[in-house]
Ligand code: HEM
Ligand code: HEM
């Protein structure tokens, strides 16, 4: 299997980064639901609320790094042609949904980072060391970034729903094996 995208299919790097980021997004939603609902003093599955926050922040920043790698990777090599079973209207929808997903992959972690830095909460990266705070205390900016983070977490569900609806609808409804375009070893 080739490393980069080519006219014969998505490359190994695209597939690896796609599934790593999809898994990280699932973890981000799960950790957010837990950390926002458990009391500060309680532990859930043996983990304290503060540790959930910290893992949420650290994994979100890892997702940001992988997104940057993904954007560089997408610009290297040629994009494969559309799946032949997509109608012209579906191609437009897939394209728009992917643009919004890329925007969310940047806006989500960046707004989270600005929120915790400007709010003075900071990030203890993977529980190992405290990231320097280049912003300093800026309460208004913190509120704006928090709002952006929460609003985009909700808005992101729209393109994600469209993405999954189209992919799963084609794969299981039309039985055109669309998901195999993003699986290892397939073209
Ligand atoms: C892939 C990236 C990320 C995703 C998908 C994500 C997702 C979410 C979601 C779904 C929520 C709950 C929103 C709500 O309904 O109130 C949330 C909250 C939060 N996130 Fe993230 N997040 C990401 C990255 C980050 C990063 C990098 C940080 C900080 C460095 C961060 C800090 C926070 C904080 C502090 C909250 C709590 C907000 C509040 O108290 O209202 N997130 N995030
Ligand atoms: C279980 C969840 C998911 C499934 C089954 C899935 C499936 C797929 C498939 C089959 C493709 C290839 C479409 C084609 O060109 O034929 C694709 C592409 C893509 N997916 Fe997903 N996806 C999932 C989750 C996600 C998530 C969570 C994101 C973003 C946060 C995402 C972002 C993208 C993007 C941007 C592309 C375009 C190719 C690229 O630039 O990497 N997907 N997905």
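Values quoted throughout were computed directly from the atomic coordinates according to the rules given, and no laboratory measurement underlies them. Values in this document were obtained by computation on a predicted structure and should not be read as measured data. Neighbour counts are summed over all protein chains in view; Cβ atoms, including those assigned to glycine, are modelled from backbone coordinates with ideal geometry.
Once the Cα-Cα distance is subtracted from the 0.36 nm per residue extended length, the residue 79 to residue 141 segment shows a gain of 18.5 nm.
Remark: spin-label model distance residue 155-residue 129 equals 3.5 nm, labels positioned 7 Å along the Cα→Cβ axis. Compared with the dominant Cα axis of the chain, that is its longest principal axis, helix 139-155 is turned about 30°.
Computed from Cα atoms, the angle from the helix 12-37 axis to the main principal axis of the chain rounds to 40 degrees. Between the Cα long axis of helix 157-168 and the first principal axis of the chain there is an angle of about 30°, rounded to the nearest 10. Pairs of Cα atoms nearer than 8 Å and 6+ residues apart set the relative contact order; for the chain it is 24 percent.
With the convex hull drawn over the C-alpha atoms of the chain, the volume per residue is 145 Å³.
For the pair residue 72 and residue 92, the difference between a 0.36 nm per residue extended length and the Cα-Cα distance amounts to 4.9 nm.
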